[in-house]
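Trainee: Pasting a structure here, questions to come.
What follows is calculated from the coordinates using simple rules that are stated; it is not laboratory data. This structure is a prediction, so every number in the text was calculated from the model and none was measured. Cβ sites come from the backbone with ideal geometry, for glycine too, and all protein chains shown count toward neighbours.
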Ligand code: PGA
C-alpha cells in the first residue's frame, strides 16, 4: 500500500517571506503517516530545501522542460530542479495546458525527463466544463491518461491528479459521485495498462477547490489517495486541517 499524499501547489505565489508558512507546516508533525509535498515556485526551491533538510516535508516544482539542458531561454530542466532540492514536479497542470498549449504528448516527454532525473512526476488531467456538459469527460480523461504517461511510469515514480478544470480556483468542487466515477475509471485504465499489481498501487489525487471544510468528504470517496491543493496550500492555517483530514481517512 502506498502512503496517501497531501500535495500543495503554490502556483506563481510566494517569496522568501512565505518560507515561514513552510516552517509552520513542517513543525506541525514529526513523522506523519502520510506524505506531504509542497510544489513551490522554482525561486524558492533551494532556500526551502536548506530550511527543510531535517523535516518530513517534501518539496517539488511545477513544470520542467523535456530536455535536461540546452538553449531554452527561461526554461528549467528536471536535473536542475532535482539539484535545487525538488523530489517531484507537477506536469500538465490545466493552467499550463490552457495558457501554453501543452499537449499530452509534451507532458509525456516532460514526465520521462522528470523520471530520468529521479523526480516523481505528478501528472494532472481533467475536463473543462464544456467537455463535461457534452458528456465527454471520461473520453477526455482517457486520452489524457493514455498519452501523458510515459512507459517509465510506475506507482513509485508517478502520481495522477484528477483536476476538473471548472473546479480549479472557482470554489466549485466535483461532487463525491463525480469524483468516484472518474477515479474508478482511472483505476481501471491503469490496471489495464500496468497490470493488477501496479495499477491499483498508483496514487490518485483529487484537486480543485479542496478546502478544510470539504476535505473529509472528498477523502471518503473510494480511490482517492490524497489531494492536490492550490489556494488552501498557501498558509499553514488552511493546509494543516487538510493534512489532518487525510491522516484521519486512513
Ligand atoms: P485550487 O487549485 O485548490 O486553488 O482550486 C488546485 C490546483 O490548481 O492544483
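Trainee: Length gain on complete extension for the stretch residue 156 to residue 56, per 0.36 nm per residue less the alpha carbon to alpha carbon distance?
Mentor: In short, 34.3 nm is gained.
Trainee: Just grab the label-to-label distance for residue 98 and residue 170, each label 7 Å out from Cα along the Cβ direction, in nm (one decimal).
Mentor: 0.9 nm
Trainee: Follow-up. Answer rounded, prolate or oblate for the chain, using the Cα gyration tensor with square roots of eigenvalues a ≥ b ≥ c: rounded when a/c is under 1.5, else prolate when a/b is larger than b/c, else oblate.
Mentor: rounded
Trainee: While we're on this one: Explain nothing, just the number: relative contact order of the range 57-180, from Cα pairs under 8 Å at least 6 residues apart, as a whole percent.
Mentor: 24 percent
Trainee: Given a Förster radius of 22 Å and the C-beta distance between residue 33 and residue 180 as r, what FRET efficiency does 1/(1 + (r/R0)^6) yield to the nearest 0.05?
Mentor: The value I calculate is 0.40.
Trainee: According to a simple spin-label model (label point 7 Å from Cα along Cα-to-Cβ), what is the distance in nm between residue 216 and residue 235?
Mentor: 2.1 nm
Trainee: When the chain is treated as a GNM, springs tying every alpha-carbon pair under 10 Å, which of 144, 62, 198 comes out with the largest mean-square fluctuation?
Mentor: 198
Trainee: Also: Within a 10 angstrom radius of the beta carbon, how do 247, 133 rank from fewest other beta carbons to most?
Mentor: 133, 247
Trainee: Using a Gaussian network for the chain with springs between C-alpha atoms less than 10 Å apart, which of these wobbles most: 120, 191, 87?
Mentor: 191
Trainee: Among 58, 80, 12, which one shows the biggest mean-square fluctuation in a GNM of the chain, springs joining Cα atoms closer than 10 Å?
Mentor: 12
Trainee: Relative contact order, percent, of the chain when contacts are C-alpha pairs under 8 Å separated by at least 6 residues?
Mentor: Worked out over the chain, it gives 20 percent.
Trainee: On to the next question. Return the distance in nm (one decimal) between the two label points of a simple spin-label model at residue 250 and residue 147, each offset 7 Å from Cα along Cα→Cβ.
Mentor: Result for the modelled spin labels: 3.8 nm.
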